[in-house]
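In what follows, a structure is listed as C-alpha cells, so that the remarks can point back to it.
Read the figures in this text as sums done on the coordinates, not as results from a lab. What you see is a predicted model; the values in this text were computed from it and never measured. Glycine also receives a Cβ, built like all others from the backbone with ideal geometry; neighbour counts cover every protein chain displayed.
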C-alpha cells in the first residue's frame, strides 16, 4: 500500500504524535510505503520520521502549494491520501480530489480538535467551514473523528452527515510494566505537558497553585508556545517561582510522566487529549476541565473534573488528591486499565488499515 500523509506541521502536538505512531506501525507490521508532506518549516518531530524511515517533504504554504501537491499526487499514484489538521485538510483534499481519474486515491481526513474555525463567527470562519464541508462530500472522501465530541461538533455545527463520519479514538504506545506510584511521597509533583497557548488555559492552573501554596506541592510545565513569556511573568508576579518550574518542549516525555504524581489538563476546549492517554499509560491520576473531549476520557470515574476556568474548583480537586494517596492510586490504576483496553496504537492502526481496504474495495466497484 502506498500512502501519502499531509499534515500542517511536525511540531510538538497530539496530531503529530498520532501520525508518527501510525507511520511506525504501518512500516513495521504492514510494510506500507509512506511519504509525509508538511507545510511548516519548524519541524522538531521530523527526526522521528527519518528514523522509521519515512520520507518527509516540506512544501511551504504559498500560491504554488496547491499545484505542487496536485502534480505530486498525480505522479506518485498513491492508494491513499490522508490529511491531518485544517490547512492540510483544505489543500491536501482539494489536490487529491482534483488529481483526476488516473490517480484517484481514496481520501481521508482526520479531524483532531474543536478548532477555532468550527465555532467562531465571521465571514472568514464561515468560508473555511463551508470549504471543509464541501471537501467531505465526494464519495471517495472519508472523515475520521478522534472522539464523540468531535463527531457531534461536525454534525451540529457543520451539518456533516452522521453516516459520513467514522469514530476512531486517538491511540498511543501503552507503557508496559509500569509500577504504581509511591503512596506517600514527601513532595507531590503535578505535571502539565502540552502547548503553551490560550486554549490550554494554563493561567487557571497557575492561579490554583497560588490558592493552595502548599510547600509539598510542585508543578512542572513542559511545552512551548506564544503564551510562554506571559505565563512565566504570571508565575513571577504571584511569587510562585519556587513552586512552578518551566521546561522546554521535548520528544522525550516519558521521564516527566514517570517523575510526576498528578497530571492536570485545564484546557478551555479539547478534541480528546493524547497527553491524558499518555498520563494514563504511566498510572498518573488525571485532573481535567469539564469540557468535551476531556470528559469522555475521565468519565466513569477515571479522573477528576473541575469547572472550566475556575481555579478555586481546580484547587479543591488538587487538594483532594494531595491529601488522599489512596485516591491517587485508584485513579492511576483506573486510567491505566482503560488505556490498555481502548487506546492501543496497534488496535488503532489495524482498524485504519481496514478502513483503507474498504475504501479501495469501494473504488474498485465504482
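If packing is taken as the average number of other Cβ atoms within 10 Å across a peptide's residues, how do 35-44, 50-59 rank, most packed first? Present the calculation step by step, with values, prior to reporting the outcome.
Values: 35-44: 18.4, 50-59: 14.4.
Output ranking for 35-44, 50-59: 35-44, 50-59.
In units of 2.2 N^0.38 Å, what is the alpha-carbon radius of gyration of the chain? It would help to have the intermediate numbers written out before the result.
On the way: Rg = 21.1 Å, N = 366, 2.2 N^0.38 = 20.7 Å.
Against the compact-globule rule of thumb, the ratio is 1.02.
How much length is gained if the chain between residue 358 and residue 316 is pulled fully straight, taking 0.36 nm per residue apart and subtracting their Cα-Cα distance, in nm to one decimal? Please report the intermediate quantities before stating the final value.
Details: separation 42, 0.36 × 42 = 15.12 nm, distance 4.87 nm.
Gain on stretching residue 358 to residue 316: 10.2 nm.
How many percent of Cα pairs in segment 188-342 exceed 22 Å? The partial results should precede the final answer.
Working: 3879 of 11935 pairs.
Value for segment 188-342: 33 percent of Cα pairs lie more than 22 Å apart.
Output the 0 to 90 degree angle, nearest 10, between the alpha-carbon long axis of helix 202-212 and the longest principal axis computed from the alpha carbons of the chain.
10 degrees
Compute the separation of the alpha-carbon centres of segment 57-82 and segment 204-279 and state it in Å as a whole number.
38 Å
Enter the angle in degrees (range 0 to 90, nearest 10) between the Cα long axis of helix 65-76 and the first principal axis of the Cα atoms of the chain, meaning the one along which they spread out most.
Around 60 degrees separate the two axes.
Helix 123-136 versus the longest principal axis of the chain: what is the Cα-based angle in degrees, 0 to 90, to the nearest 10?
Once rounded, one gets 60 degrees.
Compute the semi-axes of the equivalent ellipsoid of segment 1-117, taking the square root of 5 times each eigenvalue of the Cα gyration tensor, and list them largest first in whole Å. Walk me through the numbers before you get to the answer.
Values: eigenvalues 78, 63, 35 Å².
They are 20, 18, 13 Å, listed from largest to smallest.
To the nearest 0.05, how large is the calculated FRET efficiency for residue 168 and residue 137 if R₀ is 25 Å and r is the Cβ-Cβ distance? Each step should come with its number before you reach the end.
Details: r = 20 Å, r/R0 = 0.81.
Result of the calculation: an efficiency of 0.80.
Divide by every residue of the chain the summed helix terms, -39500 (n - 2.57) for each DSSP H run of at least 4, and state the resulting mean residue ellipticity at 222 nm, rounded to the nearest 500 deg cm²/dmol. Display every interim value, and only then the final one.
Details: 14 runs with 163 residues, N = 366.
Value at 222 nm, helices only, nearest 500: -13500 deg cm²/dmol.
Based on the mean of other beta carbon atoms within 10 Å per residue, what is the order of 197-206, 84-93, most packed first?
Numbers: 197-206: 20.8, 84-93: 23.3.
In decreasing order of mean packing, 197-206, 84-93 become 84-93, 197-206.
So, by mean Cβ neighbours within 10 angstrom, what's the order for 288-294, 21-27, 299-305 with the highest one leading?
Sorting 288-294, 21-27, 299-305 by mean packing, highest first, produces 288-294, 21-27, 299-305.
Any chance you could get the radius of gyration and Dmax over the Cα atoms of segment 251-366, in Å?
Answer for segment 251-366, Rg first and Dmax second: 17.3, 62 Å.
Contour minus end-to-end for residue 157 and residue 337, with contour as 0.36 nm per residue of separation and end-to-end as the Cα-Cα distance? Intermediate values should be presented prior to the final figure.
Values: separation 180, 0.36 × 180 = 64.80 nm, distance 3.38 nm.
Full extension from residue 157 to residue 337 adds 61.4 nm.
FRET efficiency for residue 233 and residue 60, Cβ-Cβ distance as r, R0 = 30 Å, nearest 0.05? Mind showing how you got there, number by number?
Numbers: r = 33 Å, r/R0 = 1.10.
Efficiency, from the Cβ-Cβ distance: 0.35.
What's the percent breakdown of Cα-Cα distances in segment 69-149 across 10 Å bins, shortest bin first?
18, 49, 26, 7
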